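**Student:** There's a structure below that I have some questions on.
The values are calculated or read from the model by the stated rules, or taken from the named source; none is laboratory data. Just so it is clear, the structure is predicted and the values come from calculations on it, not from any experiment. Ideal geometry is used to build each Cβ from the backbone, glycine not excepted, and the neighbour counts take in all protein chains shown.
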Amino acid sequence: MIKEFKTKEKGYHPFIIEDGWQLAKLNYTEEQHINNISHLDVHLETDEVFVAIAGKAVLIAAEIVNNEPQFELEPMRINQIYNIPKGVWHNIAMEEGSEVLIAEKSNTHIADFEHLALSDSKRKELEILVKGKLELLII
């Protein structure tokens, strides 16, 4: 009756996919390191809920103004719930050892996402902003 789920493997792992919703775990991967954030994602059919459960992470949101992303960043406090509404561009910058739970509409990872590649100048801007936010986090 009771099911237990664990994963320490790097990357994104949806482990409960039910009718209408899913729960996933994102474990640190090199792609999520601030030096490697190269794009933003958007979901048009679902909000996405994030909860940092270990390590240091910064939630990145962006609004597109004049074809350029304008960033809003939030250092993720452990066990605090954050929501990214549908239609908002986003990503997560993580340090090694970070773990984040993600709740969203079922199969979002398969069918409901678009990517926006970041220019080199926007990647550099984002890197500087995130590093400043990571310094604010205390584990």
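**Student:** In the set I110, I64, which member is without any contact (Cβ under 8 Å) to a residue 60 or more places away in the chain, over 14 Å from K133 (Cβ atoms) and assigned to a helix (DSSP H, G or I)?
**Tutor:** On the way: I64 fails: assigned to a helix (DSSP H, G or I).
The conditions single out I110.
**Student:** Taking the stated definitions as given, is N91 in a strand (DSSP E or B), surrounded by fewer than 14 Cβ atoms within 10 Å (Cβ to Cβ) and not β-branched (V, I, T)? Please lay out each step first, then the result.
**Tutor:** Details: in a strand (DSSP E or B): yes; surrounded by fewer than 14 Cβ atoms within 10 Å (Cβ to Cβ): no; not β-branched (V, I, T): yes.
When the stated conditions are applied, N91 does not pass them.
**Student:** Could I ask something else about it? Of K86, K56, which residue is of a type in the set (K, R) and either exposed (fewer than 15 other Cβ atoms within 10 Å of the Cβ) or more than 25 Å from I128 (Cα to Cα) (or both)? If you could, list the steps in order and put the result at the bottom.
**Tutor:** Details: K56 fails: either exposed (fewer than 15 other Cβ atoms within 10 Å of the Cβ) or more than 25 Å from I128 (Cα to Cα) (or both).
Just a single option satisfies the conditions, and that option is K86.
**Student:** Which one of A103, A117 is aliphatic (A, V, I, L, M) and closer than 29 Å to D19 by Cβ? Walk me through how you get there before you give the answer.
**Tutor:** Details: A117 fails: closer than 29 Å to D19 by Cβ.
Only one candidate qualifies: A103.
**Student:** Next question. Tell me which strands (runs of 3 or more DSSP E) are completely within segment 1-48 and hold 2 or more residues being closer than 26 Å to R123 by Cα and at pLDDT 95 or above, or say none if there are none. Steps first, answer last, please.
**Tutor:** Working: elements: 11-18, 21-27, 39-42.
So the answer is 21-27, 39-42.
**Student:** Residues of segment 113-134 being surrounded by fewer than 14 Cβ atoms within 10 Å (Cβ to Cβ), under 17 Å from the mean Cα position of the chain (by Cα) and assigned to a helix (DSSP H, G or I), which ones?
**Tutor:** K131
**Student:** Which one of E48, E18, E74, E30 is more than 24 Å from E95 (Cβ to Cβ), charged (D, E, K, R) and either more than 13 Å from the chain's Cα centre (by Cα) or surrounded by 14 or more Cβ atoms within 10 Å (Cβ to Cβ) (or both)? Even if it seems obvious, please write down each step before you answer.
**Tutor:** Values: E48 fails: more than 24 Å from E95 (Cβ to Cβ); E74 fails: more than 24 Å from E95 (Cβ to Cβ); E30 fails: more than 24 Å from E95 (Cβ to Cβ).
Checking each option against the conditions leaves just E18.
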